[in-house]
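Asks: Pasting in a structure now, in C-alpha cells, and then I'll have a few things to ask.
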Amino acid sequence: MNMKKGLLSMVLLLALSTILAACGGGAADGGNGGNGGEGEDGGTQFLGILTGGSQGTYYPLGGTFQTIINNNVDGVDATANSSGASVENMKKLADGDGEMAFVQTDIAAYAAEGKLMFEGNKIDNVQAIGSLYPETIQIVTTKQSGIKSVEDLKGKTVSLGNIGSGTRANAKNIIKAHGLSEEDMTVRNLSFGESTDGIKDGSIDAAFITSGTPTGAVEGLAATQDISIVPIKEEKINELKEEFPYYAKDTVKEGTYGLKQDVTTVAVQAMLVVSKDLSEDVVYNVTKAIFNNTDKVTHSKGEFISAETALNGVGIELHPGAKKYFDEKGISKD
C-alpha cells in the first residue's frame, strides 16, 4: 500500500511540474510579444505618444488623445510624453523610442524623402494616421519693437527655433523669400518658452513660432506685454506656396493674444504618425477612437480636427490600420 501511495505521489508531482512548465513557457512567450497591439497572448500594447514642449500645442493635445485612447481602446495603454517636437519625434520613432507622434506635414515629407535635416538619414518605418489642424507660423514681437514686416527683422536679434526643428525650417524659408539670410540678423536657436522669455526680458526682438493658435507660450507673453504678430504679404505667401506646396495661407484671428485685427500669415498642417511596426488592428482602433471622439477634445484646435479633413496635406504613406478606417468612412485623399 505504501508503494502504491509513493507511486501515486510521484505521478501527481510529475503532472504538476508539467502544468507549471507550460505556464512558465506561456509567460516567457508573452514577455517577447511583438508590436502588434493586443498580441496573440492578450498582452497590453504600450503606446508612447511623442508630443512637444509643455508650452506648445502638441503637449496638451497629446494628453487629451491619451485619455481618449485609454477610454476607448481595449488592450492599449497610451502615455503622452513631452519632447522636442517634429524633427526629434520622427527620429525617435525611427529608432523605436515611441510608437505615435505629432509632426508637421512638411517635416514628415522631408523625413520620408531624406531631405534637409534628414539628408543621408531617410526614414521609411513611419506612416501616417492623419492630419489634424493648421500649424500657424507666428512671427512674434512686441509693439514697442517697431517691427512691422519681415524685412524689419534685418539687424535684429531673432529666435528662429531650435536647431533641426520644424519651426527653424519654416523660418529659413520665410526669411529667404523676403531676401534675407541668417547673416542679416543675430540668430538665436530657442524653444517656444525660451523665445517668449527672451522677448519679455529684452534679450531678443522677435521669434518664429510654428504652432496651433493660441500657443501657450505666446499667451503667457501677451498677458504681460502688448504683442504683435508680423504679417506676411499676399505676394510672398504665393511665392512660398509655389515653391513649397505644403504651405497654405492662414490667419491669426482678431482677439487672439489681444490682437486688434486679423493678421495674415502661412501655415503647415499638424499630423499624427505611427511606427510602421504597430499592428493594423491597434492603429485602426486608435484612429477610430480619435476621430470618432473629436467632441471630447477640449483644446481650441479641436474644432479643426475631423475625419473628413484628416487626409489633407498628408504626404507620406498611410498606415494600413488608418487606411482601413478612412476607407470605411468613404474618405480618400484628394
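The values are calculated or read from the model by the stated rules, or taken from the named source; none is laboratory data. Because the structure is a prediction, the values reported are computed rather than measured. Quick reminder, even Gly has a Cβ in these numbers, built from the backbone with ideal geometry, and neighbours come from all protein chains shown. With ligands, DNA and RNA removed, areas are computed over all heavy atoms of the protein, side chains included. Shrake-Rupley method; radii C 1.70, N 1.55, O 1.52, S 1.80 Å.
Asks: Say whether the condition of being open to solvent by less than 10 Å² (accessible area, probe 1.4 Å) and charged (D, E, K, R) is met by at least one residue in segment 134-156.
Replies: yes
Asks: Do the conditions hold for S165, that is, is it hydroxyl-bearing (S, T, Y), open to solvent by 10 Å² or more (accessible area, probe 1.4 Å), over 30 Å from H319 (Cβ atoms) and in contact (Cβ under 8 Å) with a residue 12 or more places away in the chain? Explain how you work it out, then say what you get.
Replies: Numbers: hydroxyl-bearing (S, T, Y): yes; open to solvent by 10 Å² or more (accessible area, probe 1.4 Å): yes; over 30 Å from H319 (Cβ atoms): no; in contact (Cβ under 8 Å) with a residue 12 or more places away in the chain: yes.
Judged against the criteria, S165 is not a match.
Asks: For segment 113-131, name all the residues that are out of contact with any Lys or Arg (no Cβ under 7 Å at 6 or more places or on another chain) and surrounded by 15 or more Cβ atoms within 10 Å (Cβ to Cβ).
Replies: Residues satisfying the conditions are L116, M117, F118, I123, A128, I129, G130, S131.
Asks: Let me ask you something else. Determine which member of the set A223, A207 is open to solvent by less than 60 Å² (accessible area, probe 1.4 Å), closer than 20 Å to G146 by Cα and over 20 Å from the mean Cα position of the chain (by Cα).
Replies: Working: A223 fails: open to solvent by less than 60 Å² (accessible area, probe 1.4 Å).
It is A207.
Asks: Give me a count of the residues in segment 107-131 that are more than 12 Å from the chain's Cα centre (by Cα) and under 13 Å from S165 (Cα atoms).
Replies: Taking segment 107-131 first, the residues more than 12 Å from the chain's Cα centre (by Cα) are 109-127.
From what is left, the residues that are under 13 Å from S165 (Cα atoms) are 110-111, 116-118.
Residues meeting the conditions: 5.
Asks: What are the residues in segment 287-299 that are more than 16 Å from the chain's Cα centre (by Cα) and either part of a loop (DSSP other than H, G, I, E, B) or modelled with pLDDT under 95 (or both), if any?
Replies: N292, N293, T298
Asks: Tell me which strands (runs of 3 or more DSSP E) are completely within segment 163-251 and hold 1 or more residues being out of contact with any Phe, Trp or Tyr (no Cβ under 7 Å at 6 or more places or on another chain) and either among the small types (G, A, S) or within 21 Å of P60 (Cβ to Cβ) (or both), or say none if there are none.
Replies: Details: elements: 186-188, 206-211, 227-229.
Hits in segment 163-251: 206-211, 227-229.
Asks: Which condition does T265 not pass, out of (1) within 19 Å of the chain's Cα centre (by Cα); (2) open to solvent by less than 10 Å² (accessible area, probe 1.4 Å); (3) among the hydroxyl-bearing types (S, T, Y), if it passes all the others?
Replies: Failed condition: (1).
Asks: Mind checking which residues of segment 166-213 are of a type outside the set (V, I, T), touching a helix residue (DSSP H, G or I) at 6+ places or on another chain (Cβ under 6 Å) and closer than 18 Å to L240 by Cβ?
Replies: G166, A177, H178, F208
Asks: State all residues of segment 313-330 that are surrounded by fewer than 17 Cβ atoms within 10 Å (Cβ to Cβ) and in a loop (DSSP other than H, G, I, E, B); if no residue qualifies, say none.
Replies: E317, G330, listed by residue number.
Asks: Report every pair of residues separated by at least 6 positions or lying on different chains whose Cβ atoms are under 8 Å apart, first residue within segment 274-292 and in the same structural domain as N71 (by the TED database) and of a type in the set (K, R), second crowded, with 17+ Cβ neighbours inside 10 Å and not in a helix (DSSP H, G or I).
Replies: These pairs meet every condition: K276/V126; K276/Q127; K276/H319.
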